[in-house]
Amino acid sequence: MTNHKPKNRFYWVEGVTRSEVEKSLADRQPSRLRQQGPRRALVLAYTAVLVGLAASGLLPGVKLVSYLTFFLLAVAIGGYLQLRKAVRHVSDAPDELIDERQIAVRNAAYVGAYRWLGFFCFLVVAVQLSTSSGGALEGALDLAQRDKFLNGLYMAFMMTMASLPAMVLGWQLPSEPEDEPTPSQPSA
């Protein structure tokens with residue numbers, strides 16, 4: 001019996017395919033997102049989108065809020081996919097597809113992400129409790145506005161949970177060196 005692994009196996013827990021990770025790791029095309037400065041700018045822009053998504057429910061009007069929330073959620077999903085590409089899917093790759101050094105880098109990013117996630121979880125719970133009945137900010141928002149605000153906050157929190165390892169890795173990784181040009185063939 002052969003141990004044949006499918007070429008394009010989907011890893012459900014990680015949310016990646018084998019070919020997606022292998023293609024990303026083998027890609028030698030120059031990309032600005034593989035430089036530390038643009039990658040950090042992407043992380044900051046993505047953070048701003050998540051903050052906007054969390055705060056979108058504070059705007060007046062049901063239609064405006066729903067359109068803005070939908071738009072920001074679509075931008076957040078696109079940003080998440082760009083973050084994953086910028087870190088070559090290392091943040092989401094299973095152990096069998098990356099080497100020991102990449103596993104160590106990925107695991108270190110997960111430790112940092114877990115610490116940040118604890119902080120964000122504390123903030124979300126604090127906001128939720130302070131705006132609920134009996135909370136310090138109970139009267140600041142009417143019930144409908146509170147529900148819209150919490151919906152945006154929860155969507156932003158779920159996107160943060162999904163993307164935080166890629167964000168931490170994107171912030172920490174140094175710039176990738178430019179590939180050496182291949183020497184020209186000697187003339188005969």
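The values are calculated or read from the model by the stated rules, or taken from the named source; none is laboratory data. If you're wondering where the values come from, they're calculated on a predicted model, not measured in any experiment. We place every Cβ from the backbone using ideal geometry, glycine too, and count neighbours over all the protein chains shown. Remember, those area values only see protein heavy atoms, side chains included, never the ligands or the DNA or RNA. Shrake-Rupley method; radii C 1.70, N 1.55, O 1.52, S 1.80 Å.
With the requirement that a residue be under 16 Å from Ala162 (Cα atoms) and of a type outside the set (Phe, Trp, Tyr), what does the stretch 11-41 give you?
Within the stretch 11-41, the subset under 16 Å from Ala162 (Cα atoms) is 11-16.
Hits for the stretch 11-41 are Val13, Glu14, Gly15, Val16.
Would you mind finding the one in Lys7, Lys63 that is more than 20 Å from the chain's Cα centre (by Cα), over 26 Å from Met161 (Cβ atoms) and not in a loop (DSSP other than H, G, I, E, B)? Explain how you work it out, then say what you get.
Working: Lys7 fails: not in a loop (DSSP other than H, G, I, E, B).
Result of the check over Lys7, Lys63: Lys63.
Among the hydrophobic types (A, V, I, L, M, F, W, C) and at pLDDT below 90, is that true of Leu123? Walk me through it before giving the result.
Working: among the hydrophobic types (A, V, I, L, M, F, W, C): yes; at pLDDT below 90: no.
Here the answer is no, as Leu123 does not meet what is asked.
Find all pairs meeting these conditions: Cβ atoms under 6 angstrom apart; at least six residues apart or on different chains; first residue within the stretch 164-188 and part of a loop (DSSP other than H, G, I, E, B); second residue surrounded by fewer than 21 Cβ atoms within 10 Å (Cβ to Cβ) and modelled with pLDDT of 90 or more.
Filtered contacts from the stretch 164-188: Pro174/Gln36; Ser175/Gln35; Ser175/Gln36.
Take the residues in the stretch 14-50 that are out of contact with any His (no Cβ under 7 Å at 6 or more places or on another chain) and acidic (Asp, Glu), then tell me which one is farthest from Phe157 (Cα to Cα).
Selected residue: Asp27.
Looking only at the stretch 42-55, which residues are without any contact (Cβ under 8 Å) to a residue 24 or more places away in the chain and either open to solvent by 70 Å² or more (accessible area, probe 1.4 Å) or in a loop (DSSP other than H, G, I, E, B) (or both)? Before the answer, list the steps.
Kept after step one, since they are without any contact (Cβ under 8 Å) to a residue 24 or more places away in the chain, are these residues of the stretch 42-55: 44, 48, 52.
The answer is Leu44, and nothing else.
Note down all Cβ pairs under 7 Å where the first residue falls in the stretch 105-127 and is on the phi > 0 side of the Ramachandran plot, the second is modelled with pLDDT of 95 or more, and they're at least six residues apart or on different chains.
Short answer, once both residue conditions are applied: none.
Per-residue answers, yes or no, for (1) at pLDDT 90 or above; (2) open to solvent by 70 Å² or more (accessible area, probe 1.4 Å); (3) within 23 Å of Ser24 (Cα to Cα):
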| residue | (1), (2), (3) |
| --- | --- |
| Gly57 | no, no, no |
| Val75 | yes, no, yes |
| Tyr80 | yes, no, yes |
| Ala86 | yes, no, yes |
| Ala93 | yes, no, yes |
| Ala104 | yes, no, yes |
| Tyr110 | yes, yes, yes |
| Ala113 | yes, no, yes |
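For Arg28, state whether it is on the phi > 0 side of the Ramachandran plot, touching a residue at least 24 places away in the same chain (Cβ under 8 Å) and not in a helix (DSSP H, G or I). If you could, list the steps in order and put the result at the bottom.
Values: on the phi > 0 side of the Ramachandran plot: no; touching a residue at least 24 places away in the same chain (Cβ under 8 Å): yes; not in a helix (DSSP H, G or I): yes.
The answer is no for Arg28.
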